1. Taking region 30-66 as the region of interest, how many residues are touching a residue at least 60 places away in the same chain (Cβ under 8 Å) and in a loop (DSSP other than H, G, I, E, B)?
2. Collect the residues in region 127-136 that are part of a loop (DSSP other than H, G, I, E, B) and either closer than 19 Å to residue 106 by Cβ or in contact with a strand residue (DSSP E or B) (Cβ under 9 Å, 6 or more places away or on another chain) (or both), keeping them in residue-number order.
3. Residue by residue through region 101-121, note down the ones that are in contact with a strand residue (DSSP E or B) (Cβ under 7 Å, 6 or more places away or on another chain) and crowded, with 18+ Cβ neighbours inside 10 Å.
4. Under 15 Å from the mean Cα position of the chain (by Cα), outside any strand (DSSP E or B), modelled with pLDDT of 95 or more and under 27 Å from residue 51 (Cα atoms): which single residue out of 124, 105 fits that description?
5. Can you tell me how many residues within region 44-53 are touching a helix residue (DSSP H, G or I) at 6+ places or on another chain (Cβ under 7 Å) and closer than 16 Å to residue 208 by Cα?
6. Residue by residue through region 160-203, note down the ones that are outside any loop (DSSP other than H, G, I, E, B), over 13 Å from the mean Cα position of the chain (by Cα), crowded, with 19+ Cβ neighbours inside 10 Å and free of Cβ contacts under 8 Å to residues at least 40 places away in the same chain.
C-alpha cells in the first residue's frame, strides 16, 4: 500500500480531471477508475489513462505547494504515491492486461468472477457483496484486501450501507464501502475497524460528478477516525511518534 499512514481512504468512480483534483487535494490515498460499462461512472481505457496522467500532475503540484509553505501539519496535504485502482466486474484476463498496462494501475478491484490469470505486478482487492447472511471466507493468498460493499447490480455505487458489524473481521484486510460519507464514516470505522474505506455516490452532486466539498469532508472525517482508532488525536501526533 502506498499510504504512509497505514490505512486506505479511497475516492471511487472519478470521471473527470475535476473529480481527480478534488480527491488528490483532499488527501485521498487511492482513486478508483470504473471499467464496468453499465455503470454511470464507466471509463474507456483511454479516458482512464488521461485521468491517471492528470492525477500525477495534480499530485506533484500539491506536493510542491506543501513544500513551499511552512509545514505545521499534514492533515490538509495530499499524500504521496496515490494508488490507482481499477474497478472490474467479471473481467477477462485480456481486459485486465490492457487496462493495467495502459493506465498503469496499482490495484485491480474485482467484483464477480476472477479471470484465469492476473497481470503480474498488480495487487488484488477482492470485492464481496454483504447481505444479512454474509459469512467471510478467504479467497486465497494472493488477495491483498477484501472490499465489502452493499449488493448492487452495478458492482457498487449504490449509496446504501449495510450492517458494519459484519465487516469487523480481524483475519484479513478489509476495505469498507457502501453508502459512506462524512456524516457516517467515523461510526463505520469505529464499528468495523477496517484497513480502509471507500466512498463513491454519496460524494456526488450528480451521478459521475464529484462534489469537492463532500470529498474533502469525507476524507477529513475518515482520516480523523483512523488516527483516533490508532490512539492518536491527529496526523501530527502520529508523525511525531513515528519520528521519535
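The values are calculated or read from the model by the stated rules, or taken from the named source; none is laboratory data. None of the values given here were measured: they were computed from a predicted structure. Methodologically, a virtual Cβ is constructed for each residue, glycine included, from the backbone with ideal geometry; neighbour enumeration extends over all protein chains shown.
1. Qualifying residue count for the region: 6.
2. 130, 134, 136
3. Of everything in region 101-121, those that are in contact with a strand residue (DSSP E or B) (Cβ under 7 Å, 6 or more places away or on another chain) and crowded, with 18+ Cβ neighbours inside 10 Å turn out to be 103, 105, 106, 107, 108, 109, 110, 111, 118.
4. Details: 124 fails: outside any strand (DSSP E or B).
Every option except 105 fails the conditions.
5. 2
6. If the condition is that a residue be outside any loop (DSSP other than H, G, I, E, B), over 13 Å from the mean Cα position of the chain (by Cα), crowded, with 19+ Cβ neighbours inside 10 Å and free of Cβ contacts under 8 Å to residues at least 40 places away in the same chain, then 164, 167, 188, 192 are the ones that fit.
Residue by residue, here is whether (1) modelled with pLDDT under 95; (2) surrounded by fewer than 23 Cβ atoms within 10 Å (Cβ to Cβ) holds:
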{"residue": "24", "(1), (2)": "no, no"}
{"residue": "36", "(1), (2)": "no, yes"}
{"residue": "45", "(1), (2)": "no, yes"}
{"residue": "56", "(1), (2)": "yes, yes"}
{"residue": "61", "(1), (2)": "yes, yes"}
{"residue": "65", "(1), (2)": "yes, yes"}
{"residue": "76", "(1), (2)": "yes, yes"}
{"residue": "81", "(1), (2)": "yes, yes"}
{"residue": "89", "(1), (2)": "no, yes"}
